[in-house]
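In what follows, a single structure is set out as structure tokens and then discussed.
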């Protein structure tokens, strides 16, 4: 699974990425600071099963802090987009191609309205953030439209010779974007897309595909700037998945925690000072507490990542173990792994996720919480602790 961080230059996109991953990516207000995508690992928060089972866990693929399990997710920071990216401006085709590797996108927007359409700093309040939201969607849509139109006549000739359905031919053209046949057929049905469709109908078709295959959550960044809240209040109820965010605050808190100055974990609503700090740092931390944490409940960075994984992508956390009585692996590690599984996944799906050979040799599974045997078709629940039994 991969989450892409996207947006214009100079909106705090790479700061968001660095805050979410603590990767030391270059941050500046120059256009195209990010050329090749930065890659890192972020985490989603989930209640660890150790709390209910009253065991001391020993995580191997994740980490547990005070009963909260942090499960790793891949994240990529794609270079800033400019108007006309779908035409290749600003290396736009490469950037859009990088975007398509992601399962979902975080669109970082300067909610203060302090960045113009090309990514240059302007006076806060002079740019409508709504235009930036539309900008990204349109660039992606027109880029996909260009791919379809460029090869449409060839596709139609292939369809005549192979007798394949139009939807199959179309999906083959879009497969490189991670778009599935079921998504193509659903979008076709909703738009009544035909072989002779005009551009407006094609764009409606593409919009549905994008929303399904590349869902977007908007990070309303720089929420601590004075002009930001009015824009956020105006835009939060008009149909966008919009979350207030201060990536700069999150990065500052994580670095302060990393240096042992404060006690803070990603997603927390407050922090505590655990070391002597100078007056300048104290003022900065108090500003974050008063203007971000107390006002919005968090910096928003962790909330955005969690929302994408658990609500948008509909994942759950499951704990595979070998010993269902002690909740351990063969080395005695309690609750060693936390795996993200799609809602609706089965015990057999979990077996394959652990290892292909275990899936192929699946015999049975045990719900370790209840001690009951479950079938291969058992639908997993969030927080399940499952022991897979495989033939030797």
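None of the figures in this text is laboratory data; all of them are computed from the coordinates on show. All values reported here derive from a predicted model rather than from experimental measurement. Note: ideal-geometry Cβ built from the backbone for every residue, glycine included; neighbour counts use all protein chains shown.
Using only alpha carbon pairs under 8 Å that are at least six residues apart, calculate the relative contact order of segment 315-390 and give it in whole percent. Value for segment 315-390: 39 percent. Based on a Kirkwood Rh over C-alpha pairs, give the Stokes-Einstein translational diffusion coefficient of segment 193-245 at 10 °C and viscosity 1.306 mPa s in µm²/s. It comes out at roughly 119 µm²/s. The convex hull built on the alpha-carbon positions of segment 249-318 has an orientation-averaged projected area of 5.3 nm². The simple spin-label model puts a point 7 Å past each Cα toward its Cβ; for residue 281 and residue 269 those points are separated by 2.7 nm. Largest mean-square fluctuation among 166, 135, 310, in a Gaussian network model of the chain whose springs join Cα atoms under 10 Å apart, belongs to 166.
Here segment 332-392 is treated as an ellipsoid with the same Cα gyration tensor; its semi-axes, largest first and in whole Å, are 15, 14, 13.
Here the contact order of the chain, divided by its residue count and restricted to Cα pairs under 8 Å and six or more residues apart, works out to 16 percent.
Packing, as the average of other Cβ atoms within 10 Å across residues, places the peptides 384-390, 127-133 in the order 384-390, 127-133, highest first. Each principal axis of segment 318-364 carries a Cα extent, and these read 27, 23, 15 Å when sorted largest first.
Computed over segment 138-212, the quotient of the alpha carbon radius of gyration and 2.2 N^0.38 Å is 0.99.
For q values of 0.08 Å⁻¹, compute log₁₀ I(q)/I(0) with the Debye formula on a Cα-only model of the chain, without solvent. Debye output, listed in q order: -0.50. Look at the alpha carbon pairs under 8 Å that are at least 6 residues apart: their mean separation over the length of segment 138-212 gives a relative contact order of 34 percent. When 259, 373 are arranged by Cβ crowding within 10 Å, least crowded first, meaning fewest neighbours, the order is 259, 373.
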